[in-house]
Amino acid sequence: EITLGAPVSSASTTVTLLGSNIGPLKWRAASESGGIIIDISNIKMYSLASDWTWVFKFEHISSVKSKIKKHETL
């Protein structure tokens, strides 16, 4: 598993590994406030284009929390 703290996922989020033919990877939300945990158990080292770099492609995510607090003035 790889855990990333910033992405805010949605029900339509997809994660793929560029340079591979594995297809969409399984993932789950790390917490309600954001983050994503990617399941890399299906990735075989011999099938990767590089031993040194992995590039994940995220679709339908946000890098910032969408909940904005409204300030009230008295």
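Counted residue by residue at 0.36 nm each, then reduced by the alpha carbon distance between them, the extension gain from Ala30 to Ile43 reaches 2.6 nm. As a fraction of the 1.4 Å probe accessible area of segment 10-55, surface on carbon and sulfur atoms comes out at 56 percent.
The values are calculated or read from the model by the stated rules, or taken from the named source; none is laboratory data. Note that the structure is a prediction, hence the values are computed from the model and not measured. The accessibility values were calculated without ligands, DNA or RNA, using every heavy atom of the protein model including side chains. Shrake-Rupley method; radii C 1.70, N 1.55, O 1.52, S 1.80 Å.
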